[in-house]
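Peer 1: Okay, here's the structure, questions in a sec.
The values are calculated or read from the model by the stated rules, or taken from the named source; none is laboratory data. Since the model is a prediction, treat every value here as computed from it, not as a measurement. Using ideal geometry, Cβ is built from the backbone for each residue, glycine included, and neighbour counts are taken over all protein chains shown.
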Amino acid sequence: MRSSIVAALLASVVAVLGDDTQLLQEWVALFSKHASLGSAIAASALGEYTTTMKHAIRATGADITFYHPEIGMATITGPAQSITSIKKMAGVKGVFRSVQRRFIPAPDEILGGPAGRRLQENHNTRVDAAIRRSAAARSLPAAAFQEPDFRPLQWSRLAIDADRALNAGLKGKGATVAVLDTVFYLDHPAIKHYDQSLSCNFIEHEQLAFNYTLANDPDLLDFSHGTHTASTVAGADLGGKGTIGVAPEANLVLVKVISDTGYGSDAQVVAGILYAVAVGVDIISMSIGSLASVTGAPHDPQTDIDDSYTASDARMWIQMYNRVVLFAHASGVTVVVAAGNDAVQLDKQTDLFAFFAENKWTISVAATGPTFWAKDPKHAKLTGSSSHTNTGSAINFSAPGGNDEAYDFNANIQATCSYTLNTGVFSTYCYRFDYVLSAALSPDTLVSKLRYGMPTRYAFVEGTSMATPHVAGVAALIRGKKKGRISPDQMLEYLKRCSLDLGDKGKDPIYGYGLVSASKVIDLKF
């Protein structure tokens, strides 16, 4: 059964995306009958209903590329008149376009908020893509440098007391974590131990491995969002080189649901979640999402594709993802998601909805970080709420994601700080040390030379995208210690017991139940 589901998911994406002209004709239909919680239906009745709906849809001239009866969802391609007919069918709750939109932060956020914008505006970075990727820009071979031991700069590990857990032998062995993201450097030493048999790409005409020529975006500077999040969860212990993940021995399943361009569709994200469930992962880590208006939005003229949507579309999106995550939840998979980087108090912005932080049955993660850590590493407060993080009752936990306050409130943004590593003195702007350091680059990428003045495979990055894998990593430590499956409800309770209550007592809109603590897993009783 599992293999048939996996095959169907892969075939559906190929069928929908095989012809580029079909991209804007992809639709998602939600049906009234499904096997989600509160809508119990006998398997035989559901099977009969599914057969009936398939015949009715195909009779309109539309093609069903994927149908998931338990969720009550299908992806469909077809002419406009077919879609109009399907919308009128009894039992169809709604039909909406699978909109292509950006599911990861824009380049200015990835590279550090205002710092990223300033970097992009810097004349030295405004180079033609062809020149940037020329032999001159990539002349230094990987073997020509020694990667420093960056672990002393991983304040994020100190914040969650990860070294104590590591020294106690908690490394996440036995846990399987799926990272749904974009752009993976598969040859990066930190993540090349990934599970090749289970890792999967849902973007047609692309590969699981990052291809910077497809991104064709000079502002991204070859930064790999997926590599950073994956290595934060389960980056390998490289024996004194680079960084190390929270759960370095967890089984890492890389699932590409976002294009190298940073864009993806709902169908691709849904397929990735269902795939991860089908192959039996314990935890899904999703450092992706978007903030949508529940009243709809017009096409963004800055994008090349029509990303407009209606209020009805937004309602259907919310229902669809609630069903999908509920299916994962009911299947025993814990789904950890980013709160988002919009600096929005979500409870007060009722006209907005944060995917996937506000979807039911997810564990939503807000970001924390220091201010001017590099000026006083021994005494810097590591648990301040990040200036960019979303907050609200949807927040379940907080974790290190980096902070922008040193840039926002510092008149001298070009002040540099230095730290002595095993290979020598490492220097960069002081505020960058407040971001999360992890694997993210190829050694010959231009961003490493421009930002750090040296070739390196690692980068300081900020965002709730960085906070999310810390929680997924601690969940992996819990799963590894228990040596058995853990239901999402039970995982939530274990994470509560493995967190530090910050802010207002109990659950609050900034820290949720608290800052996750890897060391608390040591004494966790099951």
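Peer 1: Within the range 201-222, track down each residue that is at pLDDT below 85, of a type in the set (A, V, I, L, M, F, W, C) and part of a loop (DSSP other than H, G, I, E, B).
Peer 2: Phe210, Leu221
Peer 1: Turning to a different aspect of this structure: Sort out which residues of the range 277-305 are surrounded by 14 or more Cβ atoms within 10 Å (Cβ to Cβ) and among the charged types (D, E, K, R), and write them in order of number.
Peer 2: If the condition is that a residue be surrounded by 14 or more Cβ atoms within 10 Å (Cβ to Cβ) and among the charged types (D, E, K, R), then Asp282 is the only one that fits.
Peer 1: With a cut-off of at least 3 residues that are touching a strand residue (DSSP E or B) at 6+ places or on another chain (Cβ under 6 Å) and hydrophobic (A, V, I, L, M, F, W, C), name the strands (runs of 3 or more DSSP E) lying wholly within the range 275-384.
Peer 2: It comes to 283-286, 334-338, 352-355, 363-369.
Peer 1: Still on this model: Check His379 against each of (1) farther than 14 Å from Ala159 by Cα; (2) surrounded by fewer than 24 Cβ atoms within 10 Å (Cβ to Cβ) and name the one condition it does not meet.
Peer 2: Of everything listed in (1) farther than 14 Å from Ala159 by Cα; (2) surrounded by fewer than 24 Cβ atoms within 10 Å (Cβ to Cβ), His379 misses just condition (1).
Peer 1: Within the range 441-526, which helices (runs of 4 or more DSSP H) (wholly inside it) include 3 or more residues that are in the same structural domain as Thr368 (by TED's automatic domain parsing), among the charged types (D, E, K, R) and in contact (Cβ under 8 Å) with a residue 40 or more places away in the chain?
Peer 2: 464-482
Peer 1: Looking only at the range 271-293, decide whether some residue is at pLDDT below 95 and β-branched (Val, Ile, Thr).
Peer 2: Within the range 271-293, none of the residues are at pLDDT below 95 and β-branched (Val, Ile, Thr).
Peer 1: Right, something else. Pull up the range 300-327, narrow it to residues that are touching a residue at least 60 places away in the same chain (Cβ under 8 Å) and of a type in the set (A, V, I, L, M), then point me to the one that is nearest to Val270 (Cα to Cα).
Peer 2: Val324
Peer 1: Condition first: touching a Lys or Arg at 6+ places or on another chain (Cβ under 7 Å), in contact (Cβ under 8 Å) with a residue 60 or more places away in the chain and not hydroxyl-bearing (Ser, Thr, Tyr). Can you find one or more residues in the range 343-350 that meet it?
Peer 2: No: the range 343-350 contains no residue that is touching a Lys or Arg at 6+ places or on another chain (Cβ under 7 Å), in contact (Cβ under 8 Å) with a residue 60 or more places away in the chain and not hydroxyl-bearing (Ser, Thr, Tyr).
Peer 1: Further question on the same structure: Could we say that Ser231 is more than 15 Å from Met466 (Cβ to Cβ), in contact with a strand residue (DSSP E or B) (Cβ under 8 Å, 6 or more places away or on another chain) and among the hydroxyl-bearing types (Ser, Thr, Tyr) here?
Peer 2: The answer is no for Ser231.
Peer 1: Being more than 20 Å from Ala475 (Cα to Cα), surrounded by fewer than 19 Cβ atoms within 10 Å (Cβ to Cβ) and either small (Gly, Ala, Ser) or within 18 Å of the chain's Cα centre (by Cα) (or both): is that true of Ser386 here?
Peer 2: Considered against the rule, which asks whether it is more than 20 Å from Ala475 (Cα to Cα), surrounded by fewer than 19 Cβ atoms within 10 Å (Cβ to Cβ) and either small (Gly, Ala, Ser) or within 18 Å of the chain's Cα centre (by Cα) (or both), Ser386 comes out as no.
Peer 1: Among the residues of the range 330-350, which ones are buried (at least 21 other Cβ atoms within 10 Å of the Cβ) and within 25 Å of Val277 (Cβ to Cβ)?
Peer 2: Within the range 330-350, Val333, Thr334, Val335, Val336, Val337, Ala338, Ala339, Gly340 meet the criteria.
Peer 1: What is the one condition in (1) buried (at least 17 other Cβ atoms within 10 Å of the Cβ); (2) within 20 Å of Val336 (Cα to Cα) that Asp501 does not satisfy?
Peer 2: The failed condition is (1).
Peer 1: Under 18 Å from Ser465 (Cβ atoms) and modelled with pLDDT of 95 or more, is that true of Ala440?
Peer 2: No, not satisfied.
Peer 1: For the range 44-159, please list each of the strands (runs of 3 or more DSSP E) lying entirely inside it that holds at least 1 residues being modelled with pLDDT of 90 or more, of a type in the set (Lys, Arg) and surrounded by fewer than 19 Cβ atoms within 10 Å (Cβ to Cβ).
Peer 2: Output list reads 92-97.
Peer 1: Return the pairs, sorted by first residue and then second, in which the second residue is in a loop (DSSP other than H, G, I, E, B), the first residue lies in the range 260-277 and is within 14 Å of Phe66 (Cα to Cα), the beta carbons are less than 6 Å apart, and the residues are 6+ apart or on different chains.
Peer 2: Listed pairs, sorted by first residue: Asp266/Ser98; Ala267/Ser98; Gln268/Phe202; Gln268/Val257; Val269/Val257; Ala271/Phe202; Gly272/Phe202; Gly272/Val257.
Peer 1: Sticking with this structure for a sec: Out of all the residues in the range 364-416, which are aromatic (Phe, Trp, Tyr) and over 15 Å from Ala467 (Cβ atoms)?
Peer 2: Selection gives Phe372, Trp373, Tyr407, Phe409.
Peer 1: Could you list all residues from the range 160-195 that are surrounded by 22 or more Cβ atoms within 10 Å (Cβ to Cβ) and either farther than 13 Å from Ala250 by Cα or outside the structural domain of Ala234 (by TED's automatic domain parsing) (or both)?
Peer 2: Correct list: Ile160, Ala162, Ala165, Leu180, Asp181, Thr182, Val183, Phe184, Tyr185, His188.
Peer 1: Restricting to the range 156-198, what's the tally of residues that are on the phi > 0 side of the Ramachandran plot and touching a helix residue (DSSP H, G or I) at 6+ places or on another chain (Cβ under 8 Å)?
Peer 2: 4
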